[in-house]
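In what follows, a structure is listed as structure tokens, so that the remarks can point back to it.
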Amino acid sequence: MKELLIRGRVWVLLGADGKLIEDIDTDQIFHNAHLHITDIAQMGAYALGNLEGWTDFPKKCAPGDIIVAGRNFGAGSSRQQAVDCFSALGVAAILAPSFSAIYFRNAVNSGFPVLRAPALEAPAASKKLESGDTVEADAAAGRGRILRGNVPFTLEPMSSVQLDIFQAGNLFAFGRGRA
Amino acid sequence: MGATVIEKIIQAHSRDEAAAGRIVWMDLDVRSARDFGGPNVVKNYEREYGSAPPADARKTLFTFDLCAPACTLKYADNQQLCREFARKHGISVFDVDRGIGSHVMIEEGLARAGGTVVGTDSHMNILGAVGCFGQGMGDVDIAFAFRTGRTWFEVPPTVRVVLKGMPAPGSGAKDLILFLCRTLGTSAIALAAAEFTGEAARALDLAGRITLCSMVTEMAGIIGFIPGDGLAPDPDARYRDVIEVDVSGLTPQVAAPPSPNSVKDLADLSGIRIDSGFIGSCTNGRIEDFARAAAVLRGRKVRDGVMLKVVPATRRVYEEILRTGILATLFASGAIVLNPGCGGCAEGHAGLTGKGEVEISTGNRNFPGKQGKGPVYLASPEVVAASCIRGEIGGPEGL
């Protein structure tokens with residue numbers, strides 16, 4: 001069993017208005033100018049490369065870090081690179097109130113933890129959750145905690161298929177298990 | 001329990017119970033990949049499955065539409081990688097001459113009412129216009145679909161969107177969908193299928209239906225359908241929501257940067273100076289779209305200093321505008337008419353905007369950086385044509 005308790009330093013994607021940035025689209029996450037790249041290891045350098053205020057993210061991010069973003073994260077295109085670029089950097093998970101449908105599937109299928117956590121909008125807006133804080137999230141139980149101030153929050157637990165694919169590693173490994 | 005359109009289509013392709021919220025295994029009638037996504041599909045496939053054959057080569061295909069013909073070495077390499085994989089496995093390639101994959105699949109009858117089609121194109125859901133469940137997916141999903149012919153899917157809930165009344169003359173499908181983006185945003189139909197009903201939806205021809213369904217993605221929806229003969233929900237189908245939108249007397253709409261949902265009345269944006277225009281894309285790349293643009297441009301000239309790019313959706317559309325004289329009209333007005341594909345909307349063979357270059361486009365996205373560095377406004381073919389004549393955003397009236 002893979003560990004379902006994720007713990008790491010967070011990067012809170014706030015906009016100029018001090019709130020979580022909503023509708024971050026795949027061209028802001030991984031610009032179409034780099035779509036010819038097929039080697040995952042090369043993708044990390046372009047993560048959030050077109051998101052104003054966050055273009056230096058690949059330099060700041062360390063393996064094990066967690067991203068907190070606004071609702072409808074990953075809007076736009078079907079490009080897998082928009083998930084893989086975070087895997088390449090070793091990002092442990094992305095937490096957002098909601099994700100675009102295609103983005104969510106892409107993440108689930110590659111075994112990358114994406115967790116729906118609408119409850120983080122308020123602490124992010126009130127600075128109870130800031131970049132540099134440490135967060136714990138239990139993807140199976142649907143519970144999380146901001147360590148500073150010991151603030152608990154709820155999140156949507158992984159669905160059975162998300163959990164199964166995550167445990168298998170990715171969709172391919174999961175498919176082999178079923179065959 | 002009655003079923004919605006999406007529940008019926010998925011149920012016909014699954015042994016699991018296809019009710020909203022359920023996760024089912026679904027058979028796929030067509031599984032496809034483009035020149036973007038395609039090379040990663042091949043890479044995933046060969047790493048995971050070696051030289052094992054796809055589940056059914058006849059139901060598996062490539063469409064090269066993003067960078068056609070390849071204008072960079074990387075795309076040339078990637079397309080050739082897909083071609084060689086296709087030859088090895090006996091898979092069809094609709095190559096760089098054919099145009100936008102989803103449109104080619106409609107023309108070829110591969111996307112049919114009640115069917116299921118997946119591909120590496122987030123606007124594959126335009127196939128809802130012909131009653132087909134089309135869905136864009138990433139390269140992991142598609143490689144798995146190539147090999148197995150199926151995928152898992154969470155059956156989405158459905159929202160019925162009732163369009164009340166008819167738009168004003170001079171407003172069309174693009175104004176309808178931009179107005180829906182404006183009023184419904186990215187929440188109302190998020191992660192749901194939409195069923196568009198009402199006279200304004202039913203009255204649309206195929207081109208208009210494609211336009212309407214193409215921007216469901218921009219509202220964070222899964223797919224849109226226009227229920228009708230042979231594609232009707234059960235009377236007791238369950239909906240997440242029923243939303244009425246009054247479109248009576250609707251005037252032309254324009255999306256301003258930075259997103260397709262920041263939509264205003266054309267009148268409120270008129271007068272903004274433009275540098276370039278684009279007519280095409282999977283949203284507005286049919287012959288009907290170019291006919292509307294040509295009606296505005298006939299006998300007139302694109303203003304000096306303004307560049308108008310025209311990209312037909314497919315080779316068949318290209319042939320039709322050639323045969324009917326529409327192409328000659330567009331050419332005479334000063335437009336640059338390029339070969340079919342996704343160019344002009346995505347990065348590709350029709351070029352990008354430079355920093356500060358203001359573009360008005362019939363495409364479906366104007367997120368920062370999508371078409372280059374310049375700000376992009378989204379509008380109907382008539383408004384783009386008129387704006388290119390004026391050199392500033394404006395409609396055809398008074399030209």
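The values are calculated or read from the model by the stated rules, or taken from the named source; none is laboratory data. Nothing here was measured: the structure is a model prediction, and the numbers come from that model. Cβ sites come from the backbone with ideal geometry, for glycine too, and all protein chains shown count toward neighbours.
Quick notes on this one:
- Among the residues of the stretch B:107-129, the ones that are surrounded by fewer than 24 Cβ atoms within 10 Å (Cβ to Cβ) and in contact with a Cys (Cβ under 8 Å, 6 or more places away or on another chain) come to 4 in all.
- Residues within the stretch A:27-54 that are more than 7 Å from chain B (Cβ to nearest Cβ), surrounded by 23 or more Cβ atoms within 10 Å (Cβ to Cβ) and closer than 14 Å to B:N40 by Cβ, tallied: 2
- Qualifying residue in the stretch B:6-17 (condition: assigned to a helix (DSSP H, G or I), of a type in the set (K, R) and in the same structural domain as B:G90 (by TED's automatic domain parsing)): no
- Of all the numbered requirements in (1) more than 21 Å from B:C213 (Cα to Cα); (2) in contact with a helix residue (DSSP H, G or I) (Cβ under 6 Å, 6 or more places away or on another chain); (3) at pLDDT below 95; (4) surrounded by fewer than 24 Cβ atoms within 10 Å (Cβ to Cβ), B:E347 misses one, and that requirement is (4).
- Residues in the stretch B:77-105 that are over 24 Å from the mean Cα position of the chain (by Cα) and basic (K, R): B:R83, B:R87, B:K88.
- Restricting the stretch A:8-48 to residues that are small (G, A, S) and modelled with pLDDT of 95 or more, the residue that is nearest to A:I102 (Cα to Cα): A:A47
- Verdict on B:G131 being away from chain A (no Cβ under 14 Å), among the small types (G, A, S) and in contact with a Leu (Cβ under 8 Å, 6 or more places away or on another chain): yes
- Of the numbered criteria (1) surrounded by 21 or more Cβ atoms within 10 Å (Cβ to Cβ); (2) modelled with pLDDT under 95, the one B:C132 fails is (2).
- One residue stands out among those in the stretch B:49-70 that are touching a Cys at 6+ places or on another chain (Cβ under 7 Å) and within 14 Å of chain A (Cβ to nearest Cβ): the one that is nearest to B:A350 (Cα to Cα), which is B:L66.
- The number of residues in the stretch A:106-147 that are of a type in the set (S, T, N, Q), more than 14 Å from chain B (Cβ to nearest Cβ) and within 12 Å of the chain's Cα centre (by Cα) comes to 0.
- Those residues of the stretch A:20-53 which are outside any helix (DSSP H, G or I), under 15 Å from the mean Cα position of the chain (by Cα) and either within 24 Å of A:E136 (Cα to Cα) or not hydrophobic (A, V, I, L, M, F, W, C) (or both), in sequence order: A:L20, A:I21, A:E22, A:D23, A:I24, A:D25, A:A47, A:L48
- Flag if B:A57 is of a type in the set (A, V, I, L, M), out of contact with any helix residue (DSSP H, G or I) (no Cβ under 7 Å at 6 or more places or on another chain) and at pLDDT 95 or above: no
- Elements of type strands (runs of 3 or more DSSP E) in the stretch A:67-179, at least 1 residues being buried (at least 16 other Cβ atoms within 10 Å of the Cβ) and acidic (D, E): A:134-138
- Residue list for the stretch B:27-43, filter: closer than 24 Å to B:A346 by Cβ, more than 9 Å from every other protein chain (Cβ to nearest Cβ) and of a type outside the set (A, V, I, L, M, F, W, C): B:R31, B:S32, B:R34, B:D35, B:G38
- Taken together, the residues in the stretch B:268-310 that are under 28 Å from A:D25 (Cα atoms) and assigned to a helix (DSSP H, G or I) amount to 3.
- Residue in the stretch B:264-277 that is touching a residue at least 60 places away in the same chain (Cβ under 8 Å), assigned by TED's automatic domain parsing to the domain that holds B:F367 and over 19 Å from B:P396 (Cβ atoms) present: yes
- Hits in the stretch B:49-72 (condition: among the small types (G, A, S) and assigned to a loop (DSSP other than H, G, I, E, B)): B:G50, B:S51, B:A52, B:A55, B:A68, B:A70
- For the criterion of being acidic (D, E), part of a helix (DSSP H, G or I), away from chain A (no Cβ under 14 Å) and surrounded by fewer than 24 Cβ atoms within 10 Å (Cβ to Cβ), B:E46 fails.
- Scanning the stretch B:311-349 for residues that are part of a strand (DSSP E or B) and small (G, A, S) yields a count of 2.
- For the stretch B:352-373, a tally of residues being within 13 Å of chain A (Cβ to nearest Cβ), assigned to a loop (DSSP other than H, G, I, E, B) and under 22 Å from B:A68 (Cα atoms) returns 9.
- First in the stretch A:82-106 and at negative phi, second anywhere and surrounded by fewer than 24 Cβ atoms within 10 Å (Cβ to Cβ) and of a type in the set (D, E), Cβ under 6 Å, 6 or more apart: A:V91/A:D65; A:P97/A:E121
- Condition check for B:I210: in contact with a Phe, Trp or Tyr (Cβ under 6 Å, 6 or more places away or on another chain) and closer than 24 Å to B:T158 by Cα: no
- Only a single criterion out of (1) surrounded by fewer than 16 Cβ atoms within 10 Å (Cβ to Cβ); (2) touching a residue at least 60 places away in the same chain (Cβ under 8 Å); (3) within 14 Å of chain A (Cβ to nearest Cβ) is not satisfied by B:L73, namely (2).
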